[in-house]
Amino acid sequence: MNIKYIHYQTRDHKDHYYYNRPDGIDEYVLILAHTQAWFCSNGEKYLLKPHQMFIYDKRQPQLFYSADVDFVHDWFHFDMSEEEYVGLKKNGIPFGVPISLRNAALFSDYIKMLSRVHEQNHPRSAAVIHGLMTCFFESLADDLTIREEENPHADHPLWPTMSEFRSKLRIYPYQSWTLELAASSCNISKTWFQHLYRLFFDTTFQQDLTDFRIEYAKKMLLQSDDKIEYIAMNMCGYNNTVHFIRQFKAVTGFTPSLYRKQYKQS
């Protein structure tokens with residue numbers, strides 16, 4: 001398996017997101033939705049929702065477009081051998097229909113890693129990508145074999161609300177989030193919010209906010225030439241540049257400037 005094109009956390013404006021490829025393309029296309037958009041396949045029209053995935057087969061006609069919201073998603077175009085294709089089919093991985101996921105964050109993290117390796121383009125990148133792609137689709141096959149009701153928290157009345165909030169936090173980490181605002185948006189107390197967050201996601205709200213902000217900052221560092229201070233204060237929700245730099249180094253092992261120097265392509 002190999003990657004042709006890939007992008008993590010793409011945001012397409014609702015007024016411009018429209019793709020019509022009546023003859024398809026000579027690659028497979030995989031899209032992981034963080035917001036919703038319309039997807040058409042084999043004469044059917046589907047509203048692809050957050051936490052769902054869609055895979056277009058090679059040379060399958062493609063039509064997908066805005067659902068009147070900015071479409072935030074991860075995606076890649078890929079190719080594989082006939083043997084690998086047959087293996088995916090045997091593992092029950094469907095093409096041309098929405099795929100609901102129990103753990104969409106896991107697959108988003110895979111795409112983040114794949115994107116990083118693809119960008120670096122080191123001598124061993126192809127081998128690493130092949131290994132990650134194999135793990136990606138094995139994990140997807142496992143995900144599809146586990147029934148949704150086996151999620152130990154799926155029946156909790158606040159699971160949908162908390163899960164939706166976490167997706168929003170991941171998509172908009174640069175907003176001025178506070179514990180008070182987060183709890184209020186879920187219509188529960190701060191104490192109950194913190195308890196449920198740790199119970200459901202095995203982490204804290206503050207740790208997630210930090211991780212999502214740093215991940216967003218990494219994108220901004222590589223995709224722009226803006227100053228570190230501007231990225232921290234105007235693009236990632238920080239009120240203190242020194243605090244941003246400390247958190248960035250704690251998470252990545254690099255200062256923002258060294259990270260940009262190491263990974264930004266000339």
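The values are calculated or read from the model by the stated rules, or taken from the named source; none is laboratory data. It should be emphasised that the depicted structure is a prediction, and the values quoted were computed from it without experimental measurement. Cβ coordinates were reconstructed from backbone atoms using ideal geometry, including for glycine residues, and neighbour counts include every protein chain displayed.
The numbered conditions (1) surrounded by fewer than 16 Cβ atoms within 10 Å (Cβ to Cβ); (2) at pLDDT below 90 are all true for Glu229 except (2). Can you tell me which residue within the stretch 183-220, out of those that are of a type in the set (A, V, I, L, M, F, W, C) and closer than 21 Å to Val72 by Cα, is nearest to the chain's Cα centre (by Cα)? For the stretch 183-220, the residue satisfying everything is Phe212. I'm checking my understanding of the structure. Among residues of the stretch 171-207 that are touching a Ser or Thr at 6+ places or on another chain (Cβ under 8 Å) and part of a helix (DSSP H, G or I), which one is surrounded by the most Cβ atoms within 10 Å (Cβ to Cβ)? Result: Tyr197.
Across the stretch 64-96, the number of residues qualifying as of a type in the set (A, V, I, L, M, F, W, C), farther than 16 Å from Ile3 by Cβ and surrounded by 15 or more Cβ atoms within 10 Å (Cβ to Cβ) comes to 6.
Among the residues of the stretch 62-80 satisfying the criterion of being in contact with a Lys or Arg (Cβ under 7 Å, 6 or more places away or on another chain) and in a loop (DSSP other than H, G, I, E, B), which is farthest from Arg170 (Cα to Cα)? So the residue we want is Asp68. For the stretch 42-55, the criterion of a residue being more than 20 Å from Lys4 (Cβ to Cβ) and small (Gly, Ala, Ser) is satisfied by at least one position.
On the given criteria, is Phe54 touching a strand residue (DSSP E or B) at 6+ places or on another chain (Cβ under 7 Å) and either not assigned by TED's automatic domain parsing to the domain that holds Thr134 or not in a strand (DSSP E or B) (or both)? Full working, then the answer.
Working: touching a strand residue (DSSP E or B) at 6+ places or on another chain (Cβ under 7 Å): yes; either not assigned by TED's automatic domain parsing to the domain that holds Thr134 or not in a strand (DSSP E or B) (or both): no.
The answer is no for Phe54.
The numbered conditions (1) under 22 Å from Asp202 (Cα atoms); (2) assigned to a helix (DSSP H, G or I); (3) among the aliphatic types (A, V, I, L, M) are all true for Ala141 except (1). Surrounded by fewer than 16 Cβ atoms within 10 Å (Cβ to Cβ) and of a type in the set (Ser, Thr, Tyr), is that true of Tyr263? When the stated conditions are applied, Tyr263 passes them. Scanning the stretch 41-63 for residues that are at negative phi, of a type outside the set (Ser, Thr, Tyr), surrounded by 13 or more Cβ atoms within 10 Å (Cβ to Cβ) and out of contact with any His (no Cβ under 7 Å at 6 or more places or on another chain) turns up Leu48, Lys49, Gln52, Met53, Phe54, Ile55, Asp57, Lys58, Gln60, Pro61, Gln62, Leu63.
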